[in-house]
Amino acid sequence: MSKRQIKLGLSMRQLGYHAGGWRHPAVPADGAMRIAHFAHIAQTAERGLFDMVFLADGLGLRQRDNPPGSLARSDRNVELEPLTMLAALAMVTSHIGLVATASTSYNEPFHIARKFASIDHISGGRAGWNIVTSWSEEEAWNFNRDRHFDYDERYDRAAEFVEVTKGLWDSWDQDAFVRDKAEGLFFRPDGLHVLNHAGPHFQVRGPLTVERPVQGYPVLVQAGSSEAGQEIAAASADVCFVAHTDLGDAQAYYRSVKSKLARHGRDEDALKILPGLLAIVAPTEAEARNKYEELQALIHPLVGLAHVYGPMGDLSAYPIDGPVPVPNDPQHRSRAKVLLDMAARNNWTIRDLYLAASMGRGHRTVIGTPGQVADAMQEWVDGRGADGFNIIPATLPGGIEDFVDLVVPELQDRGVYRTVYEGATLRENLGVPRPASRHA
Ligand SMILES: Cc1cc2nc3c(=O)[nH]c(=O)nc-3n(C[C@H](O)[C@H](O)[C@H](O)COP(=O)(O)O)c2cc1C
């Protein structure tokens with residue numbers, strides 16, 4: 001029996017995921033605003049035959065200055081707009097998929113259908129859309145609202161949004177444009193389908209002013225794990241991006257989402273589930289450990305305290321190397337209790353607490369040799385907790401360079417990862433079907 005193959009995405013936002021990473025000597029601190037930074041990262045991931053690069057996004061500065069002084073010490077404040085960036089990356093790569101996040105709460109379906117169809121044409125069929133509903137008040141404040149939509153409303157809107165967007169992508173048959181100069185006929189009239197959508201959230205006439213995307217629809221990615229999120233994934237998504245630290249949780253989610261596919265007439269393999277994986281890798285375990293310690297030492301205490309502010313409140317008045325106090329802010333009781341229990345069990349100081357809390361941010365973390373990282377990946381893929389991983393580098397570009405140079409050859413030696421791209425489009429490489437038009 002052939003071994004289960006591993007799919008790989010790279011989450012390449014800003015300067016990497018580590019809260020102190022921007023201060024590392026090998027990290028270009030202005031990189032998040034420079035296209036050359038991202039071009040090098042995407043080309044490195046392509047050298048490593050990654051299925052796709054992935055850009056997370058938010059529509060506002062979501063981080064607050066809690067405790068005061070923390071915001072000015074964080075690099076998570078400015079970056080290039082993802083879709084604009086994908087157009088540029090399409091021109092300097094040839095095979096890797098290009099996925100950007102866009103919100104169904106603060107866009108109109110026509111915008112999204114048009115832009116992603118354009119990226120799909122510009123890249124020759126490598127575009128993907130990570131469908132999110134946004135989650136913060138800070139984003140609402142940038143779009144004429146005092147409050148974010150409540151949960152049911154935003155998922156309701158998201159479901160209709162995705163249907164309208166797909167309808168717009170089906171505006172033109174793939175072969176509608178005959179461009180027959182002799183006859184003077186530009187397109188076949190029966191190849192045009194005007195959407196005429198009227199629903200609770202959207203009224204959209206259509207048609208789209210871009211030809212049907214090369215891939216039929218760009219690859220649809222869903223990030224989020226609630227029941228409503230899983231329903232959208234089962235109905236429409238080709239890829240799910242999730243955060244799990246425990247194999248049991250990953251398996252339960254994997255079973256739950258995959259079991260919903262049949263109801264939509266879809267095959268289990270038609271949806272790939274990719275948990276995030278933060279890997280710090282080096283030729284020896286000791287070197288990997290050193291890299292990790294070096295990064296942890298770069299977290300400014302105020303930035304560290306910002307990571308535990310939600311559950312624990314403001315701890316900035318307490319000695320950083322003293323014991324962890326019981327918080328008087330009861331906002332996130334359950335999360336505070338988890339942290340307090342861990343602190344008590346391990347005899348942690350406040351510094352130990354934030355160092356632990358800021359690592360991985362909900363994603364699985366592996367620190368070790370290429371063999372250890374490959375073992376960790378195969379355990380989850382063979383255990384049906386994942387179809388692959390969205391690699392979350394601690395720093396960029398170092399995190400992806402290390403992964404491609406050290407882990408990719410190890411996976412290839414084990415026969416669980418490609419040695420050449422199988423296809424030309426993202427759908428072909430992921431092994432997910434090309435959707436037919438509703439008018440076919
Ligand atoms: C792995 C992962 C990545 C996410 N990336 C983004 C993102 O880039 N932008 C965003 O606005 N929300 C992002 N989200 C938030 C989700 O879209 C969603 O709002 C959140 O998970 C809550 O929804 P749920 O209750 O369905 O899980 C992400 C969530 C997960 C789990």
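The values are calculated or read from the model by the stated rules, or taken from the named source; none is laboratory data. In this text the structure is predicted, and so the values were computed from the model without any measurement. Quick reminder, even Gly has a Cβ in these numbers, built from the backbone with ideal geometry, and neighbours come from all protein chains shown. Just so you know, the surface numbers come from the protein's heavy atoms only, side chains and all, with ligands and any DNA or RNA stripped out. Shrake-Rupley method; radii C 1.70, N 1.55, O 1.52, S 1.80 Å.
Details
- In the stretch 374-391 there is at least one residue matching the filter, namely being within 18 Å of residue 282 (Cα to Cα), within 16 Å of the ligand (Cβ to nearest atom) and assigned by TED's automatic domain parsing to the domain that holds residue 41.
- Scanning the stretch 1-12 for residues that are more than 21 Å from residue 427 (Cβ to Cβ) and either at pLDDT 95 or above or among the hydrophobic types (A, V, I, L, M, F, W, C) (or both) gives a single hit, 1.
- Selection from the stretch 208-233 of residues that are over 24 Å from residue 254 (Cβ atoms) and among the hydrophobic types (A, V, I, L, M, F, W, C): 208, 210, 214
- For the stretch 213-244, taking the residues that are within 12 Å of the ligand (Cβ to nearest atom) and among the β-branched types (Val, Ile, Thr), the one that is surrounded by the most Cβ atoms within 10 Å (Cβ to Cβ) is identified as 239.
- In the stretch 366-384 there is no residue matching the filter, namely being closer than 30 Å to residue 35 by Cα, outside any helix (DSSP H, G or I) and of a type in the set (Gly, Ala, Ser).
- For residue 147, the stated conditions hold: it is surrounded by fewer than 21 Cβ atoms within 10 Å (Cβ to Cβ) and either at pLDDT below 95 or away from the ligand (no atom under 11 Å from the Cβ) (or both).
- In the stretch 9-39, the residues that are farther than 20 Å from residue 85 by Cβ and without any contact (Cβ under 8 Å) to a residue 40 or more places away in the chain: 25
- One residue stands out among those in the stretch 23-35 that are open to solvent by 60 Å² or more (accessible area, probe 1.4 Å) and not in a loop (DSSP other than H, G, I, E, B): the one that is nearest to residue 142 (Cα to Cα), which is 33.
- Number of positions in the stretch 272-315 that are assigned to a helix (DSSP H, G or I) and away from the ligand (no atom under 16 Å from the Cβ): 23
- In the stretch 94-111, the residues that are touching a Lys or Arg at 6+ places or on another chain (Cβ under 8 Å) and among the β-branched types (Val, Ile, Thr): 96, 104
- Against the test of being within 18 Å of residue 235 (Cβ to Cβ) and either at pLDDT below 95 or in a loop (DSSP other than H, G, I, E, B) (or both), the options 159, 176 yield a single qualifying residue, 159.
- All conditions but one from (1) in contact (Cβ under 8 Å) with a residue 60 or more places away in the chain; (2) not in a helix (DSSP H, G or I) apply to residue 406; the one that does not is (2).
- Total residues in the stretch 249-271, condition touching a residue at least 12 places away in the same chain (Cβ under 8 Å), over 16 Å from residue 224 (Cβ atoms) and either touching a Cys at 6+ places or on another chain (Cβ under 9 Å) or part of a helix (DSSP H, G or I) (or both): 8
- Only one of 184, 125, 167, 206 that is among the small types (Gly, Ala, Ser), away from the ligand (no atom under 16 Å from the Cβ), surrounded by fewer than 18 Cβ atoms within 10 Å (Cβ to Cβ) and at pLDDT 95 or above: 184
- Unique match (being closer than 30 Å to residue 351 by Cβ and of a type in the set (A, V, I, L, M, F, W, C)) among 71, 8: 71
- When residues of the stretch 45-71 are limited to those that are in contact with a helix residue (DSSP H, G or I) (Cβ under 7 Å, 6 or more places away or on another chain) and open to solvent by less than 10 Å² (accessible area, probe 1.4 Å), the one farthest from the ligand (Cβ to nearest atom): 67
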